[in-house]
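Visitor: Dropping the structure in here first, questions after.
We did not get these values from a lab; they are worked out from the coordinates using the rules stated. The structure displayed is predicted, hence computed values, not measured ones. Neighbour counts are summed over all protein chains in view; Cβ atoms, including those assigned to glycine, are modelled from backbone coordinates with ideal geometry.
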Amino acid sequence: MDTTTAIFAAMLMPLVALGGNMAFAHRENLRDGLTFASALGTFGFVLVILCNVGNGTTEAVTLLTVFPGIDIAFNVEPLGLLFAIVASGLWILTHIYGVGYMRGNNEKHHARFFACFAVAISSVMGIAFSSNMFTLFLFYEILTVSTYPLVAHKGTPEAIRGARTYLAILIGTSIALQLTAVIWTFVLTGTLDFTQGGILAGKATGWVVPVLLGLYAFGIGKAALMPFHKWLPAAMVAPTPVSALLHAVAVVKAGVFTMLKVGVYIFGIDFLAQTGASEWLMWLAAYSIIAASVVAMYQDNLKKRLAYSTISQLSYITLGMALASSAGALGGGLHIAMHAMGKITLFMCAGAIYVRYHKTEISDMVGLGRAMPITFIAFLIGALSIIGLPPLGGSWPKFLLMIGALDSGYIIIIAVLALSSLLNVAYLIPIVARAFFLPAPEGQPNTYGEAPLLVWLPPALTAAGCVILFFYAGVLQDFLAPIVTTGGYDAQ
Amino acid sequence: MSELFDLRFLADHAHYFLFIVLMMTGLYIVVDKTNLVKKIVGLNIFQVSVFMFYISIGKVSGGTAPILPMDDKFHVDTEAMAGIAYSNPLPHVLILTAIVVGIATTSLGLALIVRIREAFDTIDEEDITHIEQDMTREDNAKHGNAMGGMA
Amino acid sequence: MAVEPHTVEHTARTLMDHLPVLQVLIPFCTGPIIVFLGSRRLAWPLAFVASALSLIVSLMLLWQVKDGGYIAYTLGGWEPPLGIEYRIDAANAFVLMLISLIGTITLPYALISVADEIKRRDHTLFYACWMLCFTGLLGMVATADAFNVFVFLEISSLSTYVLVAMGADRDRRALTAAYDYLIMGTIGATFFVIGLGMIYMATGTLNMADIADRLADQGANRTVRSGFAFVIVGMGLKIAMFPLHLWLPKAYVFAPSAVTVFLAATATKAAIYVMLRFTFSVYRPEFTYATNTLEMIFLPLAVIAMFSASFVAAFQTNFKRMLAYSSVAQIGYILLGVAILNETGLTAGIVHLFNHGITKALMFMGVGAFVLRAGGSFYAQIAGLGRQMPLTGAALVIGGLSLIGVPGTAGFISKWYLVQAAFERAPDNPMYLAIAVSVVLSSLLAVVYVWRAFEAMYLMAPATDIRAKEAPLLMLVPMWVLAIACIWFGIDTDLIAGAAAQAAAGLFEGSQGMLEMKGAVH
C-alpha cells in the first residue's frame, strides 16, 4: 500500500467508528466491536506508513487548495509519525478500557461518547500528518469542537461549567492568538508549509519575532502553558477514558506537538537560537514546570492532581523547543511518547479506582493498595516514569533536556528540572505509599477486589510499556534525529 | 463672509432655504410626534420638500416650458427652437415617479396604522410602547429567565 | 486585461442578449400574475418557478462576466445616459446570484413555514409581495442608473414592510415593527434621493458611469460631497449600519420566519452592494473624501458594531433576536473589509457578504423549524430541541460554527481574508494590527452567543414532555443545502473567493474601466 493511501486511510478509519456508532447506537457489542476494529485498523495503517517511510520525510500530498498558497496537504515526517503511533496505539487500549469503564460505571449515551471519541482521533491523525500550518490549524479546531461534547458528557451543571471553561480557553486562544499568528506568518512569508529549518528566517525581524512566538505559544492553548492552563483541570469532569487518552495524550500532545512543529519548522531552531526570541518562553516554561507541580501537591482530587502534573510535564516539551538546541528539541519530541505512556497509566488507574470504589479524593484512598494491588503497582510504575527514574522511559527525555540546557548554556534550567523531579516525587509517591502502607480505615474493604478485567488490564499493559520504552529510547531518539540534523536556514 | 449676507445671493438661493425649512419641519414632526398618523404627515412633508428641491433644480433661468414647437406636419420645428432656452424636464419626470412612491408609502403607512389600531386599540406611540414593554416583560417572565441556572 | 464591452443593439434577437432585463422582469411579472390569478394553489409554484428561472439567469450572467468585462443592456434601446442602462459585471452578477440563490432555496422552506404562520387567505398576496421584494432587490443591483436604484429600492422596501407586517398573525408587534421600519426606511430612501438630486445638480446625469466620468472631469465640490454624504447615510439605514440599525432587530424577530430568512440573507446585502457601487465606481477611492469617509467613519463604526452588537447578542434570551443582533455585528465585518481599503479587504467584504448570507439564512431557517415545533424561539422554549430534532440541530451547529468562523466553514474564509487584509496594511500603519486583533477578539464574542444557543439546544432539559418531531422534509432540504454550502465554501473557495476577487478588482479599478467603457459605448 502506498503511503498516501495509508495517510488518508488512517484519518478515515476512525470515521468508520463514527458511522458504526451512529448506525448501531443501540447494539452495544456490535458498536463497540466495530470501534475496536477501526482502532486496530487505524494503528495498522499508521504502522504501514512507518514501514514505508521509516524516519524519512515524504513529499506533501495536496488534498485541495483552499486559496492560492494555502492547501490542505499532508505529509509524513518523524515527529508527526511518532505522535500518530502513540495516539493510535493507545486508542486501542483506551477503547478496551473505555468499554469497561462506561459499562462498569453505568454512564449514559455510549454511542455519542465513542462517536465523538472517534472524530477526535481522526483529527489527531490529521494534525499529525498535516504538512502546513493551515491544515494543522483546521484539525486543531476540529479536535477542540469534537472533544467538547465529551467533556460536557455527564450533562450536570458542573460538567457544563467545566466544558465552558474548556471551550472558552481553547477556542479563545486559538482564534484570538493562534489564528492571528498564522495569518501574520502567511502575510510575512507567503507560505505556511512546514519547512526544514523554518520559514520565518529573514522574513521577520526585530520585535516581530518574539511577539509572533508569543502569539503562537499562548495561542496553542492545548499546550496548557501558564496562564492558559485552566482548561485542563476543568476538563477533568469528563469520564476517565477521555481524561486518559485525550487529556493526557491526544489533545495536550496535539498542543505541544504543534508547539514543536512551530518551533522547528516555522521558526527554525537556529533562527530561534540566533535571535534569542525564545528566551522568555524558556523562562515561562520553567516557571510553569515548577508552579504547576506546586499546585499539584495541594490537590486532593486525584484527577485534578494528575491534570496539574500534566501541565507541568507539557511545559517540559515547550521548554525543549524554547531551549533552541537540537538536544532540547529531541528531548521534547521524546517526551511526547514517554509522558503519554506514563500519564495514561496514571489516569487509567484513577478511573479503575473510581469504577470499583467510586473514590475520587486522594485522602479517601488510604489503604486501598491491598484491595487493588495491580492498579496501584501500575500506578507506581507510571509515577516513577513521570518522575524520570531509570529503568523507566521517562528518564531519557529529562536527560536530553538537561543536555540541551547545557548546550544552550542555561545551567539554571538543569536545577529547575531536578527540582521538578523532586516535586514529582512529593506529589505522586505518597498516593501509592499511603495506599499500601497505611491501614485501611473502618468500613473499607481490606481484601482483594480489583476493578473489572477490561479496566485493570490496559493500565497494566501501559505500565509494562513504560519499562519497555526505557530500553528502546535509543531507537526512538534515532528515529526523531532527522527533525534537527539537516540544515539550518543558512543551508537554504 | 459678506457673500453670505449678500441679498442677491440669498434671493437666488431662496428655494434652497424653503427646501431646508420644509425638510427639517417634516423630520422634526416624524421624530417628535407620538401620533402615528402625524408621523406619516411629517414624512409626507419631508418627501415633498425633496420633490420641490428636484423641481427647482430643473429650472433654467429665462427658460420656458420644455414643449417643442411643431410645424404643420407635426415635426419638430428646429428653426423656431433656435434661441429658446428650455427648462430641464427630466427632474419633473423623476419626481413623478417619486410622488408615486410617496403615495404608495403613505397608503401603506396608513394601512398599517389601521391594523395597529385594531391590534393595540391606540395609535399613540407611547401607549403602544407601554403595551409592548408589558408584553416583553411577560415574555421574559415566562421564558427569558428560564435558563435553569445555566445562564 | 482588455475590456471589450459587449454592447447590445436594440435590435437584439436572441434571448441570451436579454438576460440582464429578464433577471428583473421574470419576478416582476410573476407578482401581478399571482394576484390576478388569485389562486392559492398556483401562487407558490409560480413564485418558485420564477425564482428558479432567476437563479438560472443569474448563473448565466455570472458565467459570462466572472473573468472580467461586463454586459451593458440598454432598456428599450434608449441610449444611455438618457435611457436606462443595466450593466452586469462581476460585482453585481455575484450579488444577483446570491439573491436569487437564497430566494430559490428559501421558497420551498417558506411553503410549510408560511402555511403555519400566516392566515390562508393572505397566502397569494404574500407570495406576490415576496416576488415584488425579490424584483426590487434584483433591480437595485442590476441597474446602472442611479435613480432607477431608488425606484427598485422602494419596490423592495414597500413589499418588505408588508412582508414583515404579515407576522402579525402570530404576534401583533410585527405591525409596529413594520411601521418603524417604514418610517426609518422611507427617511433613508429619501436621503438617498436628496443625494442623487445633488449629484444630478453637479453632473446633469444619472447614469452611474456617466456620473463617474463627469466627476472625474470636474473634481470635487461641496455639492458633490454633500450628495455623497446623503447617499451614504440613506444607504446606511438600509444596510443597518451601526448606529442606524435600530429597525433591524425588531423587524427580524417579528417577521414570519421565512421572511426573516430571506431578508437577513439578501436585503442588507443588496444595499451594501449599492453603497459599494457608489463609493468605488461612482465616487472612486481617488476622491479623498470618499476614502476619508471609509477610514474615519466606516472603520470605527464597523469595529464598534462588531463588538457592541455581539455583546448585546450574548445577552439575548431569544434565539431570533440573538441572530438579529449578530447580523448587525456581521455587517460590521463586511463594512470593515471595505473600509480597510485594499483589494484583499474588499474581497473579504464581498466574500463575507456571501458567506454571511448563506450562514444567516441557514441559522434563521433552523430557528424557524424550532418555531414551527415549539411555538417560539426563546431559549427556554427550544430547550433540548437539538436532541429531539437531530437533523435541524446538526444543521444549526454547522451554521453556528460558520458564524463563529471555525476553520472548515465558510465563515472562516471571510475572517481569514479580513485579518490578512488588515495585516497587509500594517507595515505602513500599525493601527491595522489592532484592527486585525479586533476581528479575532470579536469572533470570541460570537463563540459566546452561539454557544449559549447550543447549550439551550442540547444541554438544557426540554420545557415540555412532548417530544418534538423532526422538521418536515421541505424545510430540512433547504437547510441542509445551505449547511453543505457552508462547509463546501469553507474548503473550496475557488468559486466564491475567485468571483469576489474579480468583483473587488473590478470595483477598485472600476471607475477607470468605466471611463474606457464610456468611450466604447458612445
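Visitor: For the stretch B:24-65, just the Cα atoms, rotate onto the principal axes and tell me the three extents in Å, largest first.
Guide: 45, 15, 9
Visitor: On to the next question. With Cβ to Cβ distances under 12 Å as the rule, what net charge do the other residues near A:P149 carry (K, R +1; D, E -1)?
Guide: Residues near A:P149 contribute +2 overall.
Visitor: Can you give me the orientation-averaged projected area of the convex hull built on the Cα atoms of the stretch A:342-464, in nm²?
Guide: 7.7 nm²
Visitor: Applying the Karplus parametrisation 6.51 cos²θ - 1.76 cosθ + 1.60 with θ = phi - 60° to the phi angles of the stretch A:89-94, what ³J(HN,Hα) value in whole Hz is obtained for each residue in order, glycine and proline being reported as x?
Guide: Values per residue, Gly and Pro as x: x, 6, 4, 4, 5, 5 Hz.
Visitor: Right, something else. Among C:C133, A:C116, which comes first, then next, by fewest other beta-carbon atoms within 10 Å?
Guide: A:C116, C:C133
Visitor: Work from the charge dipole of the protein assembly as shown (Cβ charges, +1 for Lys and Arg, -1 for Asp and Glu, about the Cα centre) and give the residue of C:L301, A:I344, C:T104 farthest towards its positive end.
Guide: A:I344
Visitor: Provide, in order from the shortest bin, the percent of all Cα-Cα pairs of the stretch A:256-323 in each 10 Å bin, continuing until the bin that contains the maximum pair distance.
Guide: Percent of Cα pairs in each bin: 23, 43, 23, 10, 1.
Visitor: A follow-up question, please. Which whole-number percent of Cα pairs in the stretch C:316-374 have a distance greater than 17 Å?
Guide: Distances greater than 17 Å cover 45 percent of the Cα pairs.
Visitor: Ok, one more. Run the dipole for the protein assembly as shown about the Cα centre, Lys and Arg Cβ at +1, Asp and Glu Cβ at -1, nothing else charged, and hand back the magnitude in debye, nearest 20.
Guide: 3380 debye
Visitor: Please say if chain B is rounded, prolate or oblate, where rounded means a/c under 1.5 for a ≥ b ≥ c the square roots of the C-alpha gyration tensor eigenvalues, and otherwise the choice is prolate for a/b larger than b/c and oblate otherwise?
Guide: prolate
Visitor: Angle, helix A:179-189 long axis vs. longest principal axis of chain A, Cα atoms, 0 to 90°, nearest 10?
Guide: 20 degrees
Visitor: Report ³J(HN,Hα) in whole Hz for each residue of the stretch C:470-478, in order, from the Karplus equation J = 6.51 cos²θ - 1.76 cosθ + 1.60 where θ = phi - 60°; Gly and Pro get x.
Guide: Running phi through 6.51 cos²θ - 1.76 cosθ + 1.60 with θ = phi - 60° gives 4, 4, x, 4, 5, 8, 5, 4, x Hz.
Visitor: If Rh is defined by the Kirkwood formula over all Cα pairs and Rg also comes from Cα, what ratio Rg/Rh do you get for the stretch C:300-491?
Guide: 1.02
Visitor: If you don't mind, there's one more thing I want to ask. Quick one: putting +1 on the C-beta of Lys and Arg, -1 on the C-beta of Asp and Glu, what dipole do you get for the stretch C:300-491 around its Cα centre, in Debye to the nearest 20?
Guide: In debye, rounded to 20, the stretch C:300-491 gives about 500.
Visitor: Can you check what the net charge comes to around B:D71, using other residues whose Cβ is under 12 Å from the Cβ of B:D71 (Lys, Arg +1; Asp, Glu -1)?
Guide: Net of charged neighbours comes to -2.
Visitor: Please report the spacing between the Cα centers of the stretch A:241-317 and the stretch A:44-89 in Å, no decimals.
Guide: That distance is 23 Å.
Visitor: Could I ask something else about it? Taking all pairs of different Cα atoms in the stretch A:99-249, averaging 1/r and flipping that mean, what Kirkwood radius in angstroms comes out?
Guide: Result for the stretch A:99-249, one decimal place: 16.6 Å.
Visitor: Long-range amide H contacts for B:N35: which residues qualify at under 5 Å (H placed 1.01 Å from N, peptide plane, sequence gap of 5 or more or a different chain)?
Guide: The answer is B:E125.
Visitor: Additional query: May I ask you to list the lysines whose Cα is less than 29 Å away from that of C:K250, ignoring any residue fewer than eight positions away on the same chain?
Guide: Within reach: B:K33, B:K38, B:K39, B:K142, C:K119, C:K238, C:K269, C:K320, C:K360, C:K415, C:K469.
Visitor: Another question, then. For peptide A:142-148, compute the average count of partner chain beta-carbon atoms within 10 Å of each residue's beta-carbon.
Guide: That works out to 2 on average.
Visitor: Counting partner chain Cβ atoms within 10 Å of every residue's Cβ in C:373-381, what's the average?
Guide: 3
Visitor: Turning to a different aspect of this structure: log10 I(q)/I(0), Debye, Cα-only the protein assembly as shown, no solvent, q = 0.08 Å⁻¹?
Guide: At q = 0.08 Å⁻¹ the computed log10 ratios are -0.89.
Visitor: Quick check on the exposure proxy: order A:H358, C:H245 from fewest to most C-beta atoms within 10 angstrom.
Guide: In order of increasing Cβ crowding within 10 Å: A:H358, C:H245.
Visitor: Which one of C:V450, C:S51, A:L136 is farthest out on the positive end of the charge dipole of the protein assembly as shown, using unit charges on Cβ (Lys, Arg +1; Asp, Glu -1) and the Cα centre as origin?
Guide: After comparing all options, I get C:V450.
Visitor: Can you give me the angle between helix C:123-142 and the longest principal axis of chain C, using Cα atoms only, in degrees from 0 to 90, rounded to the nearest 10?
Guide: 40 degrees
Visitor: Once you treat every alpha carbon in chain C as an equal point and sum by Debye, what is log10 I(q)/I(0) at q = 0.08, 0.09 Å⁻¹?
Guide: -0.45, -0.58
Visitor: Equivalent ellipsoid semi-axes for chain A, as square roots of 5 times the alpha carbon gyration tensor eigenvalues: give them largest first, rounded to whole Å.
Guide: Result for chain A: semi-axes of 34, 26, 20 Å.
Visitor: Now a separate question. Compute the signed sum of charges (Lys and Arg +1, Asp and Glu -1) over the other residues within less than 14 Å, Cβ to Cβ, of C:F191.
Guide: 0
Visitor: Neighbouring Cβ atoms within 10 Å as the yardstick, rank B:D121, C:D171, C:D494 fewest first.
Guide: B:D121, C:D494, C:D171
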